[in-house]
Amino acid sequence: MAIADAALRVRFFDLLAAAADPAVELRAGLAAQLATIPPKFFYDALGARLFEAICELPEYTLPRDERVIFDRYTDEFARQIGAGCTLIDLGAGDCAKAERLFEALQPAQYVAVDIAGGFLRTQLASVARRHPRLDIVGVAADFSRGLVLPPEVSERRRIVFYPGSSIGNFSPEEARVFLTDIHAQCAGGHLLLGADLVKDPEEIVAAYDDALGVTAAFNLNVLNVVNRIAGTDFASADWRHVALFNAAESRIEMHLEARRALQVRWPGGGRSFAAGERIHTENSYKTTPARLSDLLRAAGFADFNLYTDPAERFALALAQ
Ligand code: AVJ
């Protein structure tokens, strides 16, 4: 459904209503022997703001590590990409990272895609005020099972912009499938991808279990989201935030652990949790330049360069 935001000329499409029923998806994940909640459910209005707060934490260095690379190479990216592209921002959030590219990139169209539709609409209203001549398209969508774009998105010289290392929420095989589809959708264009690199496990764990407890709040908030969407009766006080580094899989895992034996009910079902039993809420894979190169090649990107910060903490790939 297109909602004309005439005053600001932002064309906004809500593709979430047409998607699979999230209540069914959530209840199935909770009923599984190893209970799961997919990480896309973190991002309600509060979750989106808690994630912004995470990005300010001293322990969560990803945004600053990535920023060092953008500061150094944005002009180089712009030279390779050229002016007048269709900039497709996956998981746009507050749109700040894309906006910082506008001056160098001079895109013809900016397409912001995010699962947090209400938050995105608000952010795009301010983007439109700051960039009155830019063609802006907003898309509220869950692209975790593939990206679908409305026909209003130009097919001309697409740049798929996927920064921040959200690619790490996919398993390596899921990432290959996802990027293969992205490669097809930006034929002749580019992918600009961010990926966090593996480093000292203690440092990684601290980034996902900060001293202020902001990440714990972000993780626990998902229970409130699930209560609203799936009609469950979780009490966040009964759960504890757990972050652990799984070295064999090269990923940080976030879980919620039951503080005591308890029951969770939802319309038509429910389950019990033993004390100490966990719900797996997120994987964030940490990669290496070699594995990232393999992934890009496997997805069909024959031509790419990797850019890292001097300490090799984070990598950006510009791929064709
Ligand atoms: C938004 C997926 C990149 O995995 O680092 C931050 C989300 N989770 N702290 C990440 C997150 C806990 C973040 N991504």
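The values are calculated or read from the model by the stated rules, or taken from the named source; none is laboratory data. All values reported here derive from a predicted model rather than from experimental measurement. As a convention, Cβ positions derive from the backbone with ideal geometry for all residues, glycine included, and neighbour counts pool all protein chains shown. For the accessible areas, the whole protein counts, side chains as well, though only heavy atoms, and no ligand, DNA or RNA atoms are used. Shrake-Rupley method; radii C 1.70, N 1.55, O 1.52, S 1.80 Å.
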Q. Radius of gyration and Dmax for the chain's Cα atoms, expressed in Å?
A. 19.7, 58
Q: May I ask you to derive the FRET efficiency for GLU249 and LEU57 from their Cβ-Cβ distance with R0 = 22 Å, giving the value to the nearest 0.05?
A: 0.35
Q) Of ASN227, ALA298, TYR285, whose Cα points farthest to the positive end of the dipole of the chain (charges on the beta-carbon: +1 Lys, Arg; -1 Asp, Glu; origin at the Cα centre)? A) ASN227
Q | Student exercise, region 175-320 dipole from Lys, Arg, Asp, Glu Cβ charges, in Debye to nearest 20 | A | 500
Q: Pull out the extension gain between LEU212 and ASP200, defined as 0.36 nm times the separation in residues minus the alpha carbon to alpha carbon distance; nm, one decimal.
A: 2.2 nm
Q) Rolling a 1.4 angstrom probe over the protein heavy atoms, how many square angstrom per residue are accessible across region 189-251? A) 38
Q) Under a straight-distance cross-link criterion of Cα-Cα below 13 Å, which aspartates and glutamates are reachable from LYS286, leaving out those fewer than 8 residues away in the same chain? A) ASP196, ASP200, GLU203, GLU249, GLU253, GLU312
Q | Label zone at ARG259, where the point sits 7 Å out along the Cα-to-Cβ direction: region 227-242 residues whose backbone N lies under 19 Å | A | 227, 233-242
Q.
Please compute one quarter of the surface area of the Cα convex hull for region 119-249 and express it in square nanometres.
A. 11.5
Q: Quick one: order GLU76, GLU312 from most to least accessible surface, probe 1.4 Å.
A: GLU312, GLU76
Q) Got a sec to turn the phi values of region 284-289 into Karplus ³J(HN,Hα) couplings, 6.51 cos²θ - 1.76 cosθ + 1.60 with θ = phi - 60°, whole Hz, x for Gly and Pro? A) 10, 6, 10, 10, 10, x
Q: Leaving ligands, DNA and RNA out of it, work out the accessible area of GLU174 with a 1.4 Å probe and give it in Å² to the nearest 10.
A: 100
(Q) Please report the net charge: other residues with Cβ closer than 11 Å to the Cβ of PHE245, K and R +1, D and E -1. (A) -3
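Using a/c under 1.5 as the rounded threshold, could you call region 36-87 rounded, prolate or oblate? The axes a ≥ b ≥ c are square roots of the C-alpha gyration tensor eigenvalues, and prolate needs a/b larger than b/c, oblate otherwise. Show your work: numbers first, answer last.
On the way: a/c = 3.14, a/b = 1.72, b/c = 1.83.
Oblate, since a/c reaches 1.5 and b/c is not below a/b.
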**Q.** Distribution of pairwise C-alpha distances over region 1-124, 5 Å bins, in %
**A.** 2, 9, 14, 18, 17, 15, 13, 7, 4, 2, 0
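Using a probe of 1.4 angstrom, how much of the accessible area of the chain is carbon and sulfur, in percent?
Details: 7610 of 14190 Å².
For the chain, the apolar C and S fraction of the accessible surface comes to 54 percent.
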Q) Can you list the HN-Hα couplings for region 170-178, worked out from phi with the Karplus curve (6.51, -1.76, 1.60; θ = phi - 60°), rounded to whole Hz and with x for Gly and Pro? A) 8, 5, x, 5, 4, 5, 4, 4, 4
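If each DSSP helix of 4+ residues adds -39,500 (n - 2.57) and the sum is divided by the residues in the chain, what number results at 222 nm, nearest 500 deg cm²/dmol? All intermediate terms of the calculation are to be shown ahead of the outcome.
Details: 9 runs with 112 residues, N = 320.
Roughly -11000 deg cm²/dmol at 222 nm, from the helical runs in the chain.
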(Q) Suppose every Lys and Arg Cβ carries +1 and every Asp and Glu Cβ carries -1, with no other charges. What dipole size does the chain come out with about its Cα centre, to the nearest 20 debye? (A) 600
Q) Tell me, what is the 1.4 Å probe accessible area of GLU202, in Å² to the nearest 10? A) 150
Q: Can you pull the one-decimal nm distance between simple spin-label points at ALA32 and ALA19, each 7 Å off the Cα toward Cβ?
A: 1.7
Q | Difference of contour (0.36 nm per residue) and Cα-Cα distance, ARG240 to ARG100 | A | 46.7 nm
Q. Taking a quarter of the surface of the Cα convex hull of region 274-320, what do you get in nm²?
A. 5.2
Q.
If you average the alpha carbon positions of region 90-111 and of region 185-255, how far apart do those two centres end up, in angstrom?
A. 25
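What trypsin sites (Lys or Arg not before Pro) in region 107-150 are in a loop by DSSP, with at most 15 other Cβ atoms within 10 Å of the Cβ?
Working: sites: ARG121, ARG129, ARG130, ARG133, ARG145; in loops: ARG133, ARG145.
Here the sparse-neighbourhood loop sites are ARG133, ARG145.
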Q) Dipole of the chain (Lys/Arg Cβ +1, Asp/Glu Cβ -1, origin at the Cα centre): which of THR122, ALA217, PRO150 lies farthest to the positive side? A) PRO150
Q | Cut-off 12 Å between beta-carbons: net charge of the residues surrounding VAL264, Lys and Arg +1, Asp and Glu -1 | A | 0
Q) If you put +1 on each Lys and Arg Cβ and -1 on each Asp and Glu Cβ, how big is the dipole of region 157-212 around its Cα centre, in Debye rounded to 20? A) 580
(Q) As a test of the definition: which semi-axes, in Å, follow for region 72-195 when you take the square root of five times each eigenvalue of its alpha carbon gyration tensor? Largest first, please. (A) 21, 18, 14
Q) How large is log10 I(q)/I(0) at q = 0.17, 0.22, 0.32 Å⁻¹ when the Debye formula is applied to the Cα atoms of region 172-225, each weighted equally and without solvent? A) -0.82, -0.88, -1.16
Q: Out of all DSSP beta bridges with both ends in the chain, state the antiparallel percent to the nearest 5.
A: 55
Q | Quotient of C-alpha Rg and 2.2 N^0.38 Å, computed over region 98-153 | A | 1.15
Q) So how exposed is ASP303, as accessible area in Å² (1.4 Å probe, rounded to 10)? A) 90
